[in-house]
Amino acid sequence: MKKFLAAVGTAAFLTVGLANAEQTLYEKLGGKKAIDAVVEDLTNRMMHDKQLKRFCGNVSKDKVKTNRELVAAFICKATGGPCEYKGKDMKEAHQNLGITEKDWDRFVELAKQSLNKFKVPADVQKEFLGAVAGLKDQVVSKK
C-alpha cells in the first residue's frame, strides 16, 4: 500500500509539473488582465520618459488608448492567448518612427520596470523579453 501511495503521489507531482511546463507564456504572465495592466504601466512610463515620450507624448488620449489596446492584443496573441490582433505587422507599424538602438534599450529597461512592478517572476520576464527581442530588427530603424 505504501508503494502504491508513493507512486500515486509521484504521478500527481509529475502531472502538476507537466501542467506547469506546458503553460503558455500568456498564462505565465497572468492572462489578459495582467497583460493589460503591464501595458498600461509601460505606456505611462514611455509617455513620461525623457527619451521615449516623443513616440507617444504628443498623441491624443484616444490614440494612446487605441495603441495601448493594440499592444496588449499583440502581446496576448503572441504569447499564446485567445486575443485577436488587428494591427499592422511590426515592421510596418514602426518603419517611419526612427527608433534607434538606444530607444530600443530604453524601452526594454522600462518594460523590465513595469514587469517588476507587477512582480512577474524573473524566469517569466526572461522568457517574455527573449520573445520581444525577436522583434528588434522589425522595430529599430536601419540607417
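What the table below lists for this structure:
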{"quantity": "Solvent exposure ordering (accessible area, 1.4 Å, most first) of SER60, SER114", "calculated": "SER60, SER114"}
{"quantity": "Low-density loop cleavage sites - GluC sites (Glu not before Pro) in the range 17-118, where at most 12 other Cβ are within 10 Å (DSSP)", "calculated": "GLU22, GLU84"}
{"quantity": "Karplus-derived 3J(HN,Hα), 6.51/-1.76/1.60, for each residue of the range 84-96, Hz, glycine and proline x", "calculated": "10, 9, 10, x, 6, 5, 4, 5, 5, 5, 10, 4, 9"}
{"quantity": "Lysines with Cα under 24 Å of LYS33, excluding same-chain neighbours fewer than 8 positions away", "calculated": "LYS61, LYS63, LYS65, LYS77, LYS86, LYS88, LYS112, LYS117, LYS119, LYS126"}
{"quantity": "Accessible carbon and sulfur surface of the range 51-129 relative to its total accessible area, %, 1.4 Å", "calculated": "52 percent"}
{"quantity": "Cα extents of the range 44-135 along the three principal axes, largest first (Å)", "calculated": "34, 29, 23"}
{"quantity": "Full-extension gain in nm, LYS126 to LYS65, via 0.36 nm per residue minus C-alpha separation", "calculated": "19.3 nm"}
{"quantity": "Estimated distance in nm for a label pair at GLU109 and GLU27, the labels positioned 7 Å out from Cα along Cα-to-Cβ", "calculated": "3.6 nm"}
{"quantity": "Extended-chain gain in nm, criterion 0.36 nm per residue less alpha-carbon gap, MET47 and LEU135", "calculated": "29.6 nm"}
{"quantity": "Contact order normalised by residue count of the range 72-143, Cα under 8 Å, 6+ apart, percent", "calculated": "42 percent"}
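The values are calculated or read from the model by the stated rules, or taken from the named source; none is laboratory data. Everything numeric in this text was worked out from a predicted model, so none of it was measured. All Cβ positions, even for glycine, are placed from backbone atoms using ideal geometry, and neighbour counts span all protein chains on display. What goes into the accessible areas is simple: the full protein's heavy atoms, side chains included, and nothing from ligands, DNA or RNA. Shrake-Rupley method; radii C 1.70, N 1.55, O 1.52, S 1.80 Å.
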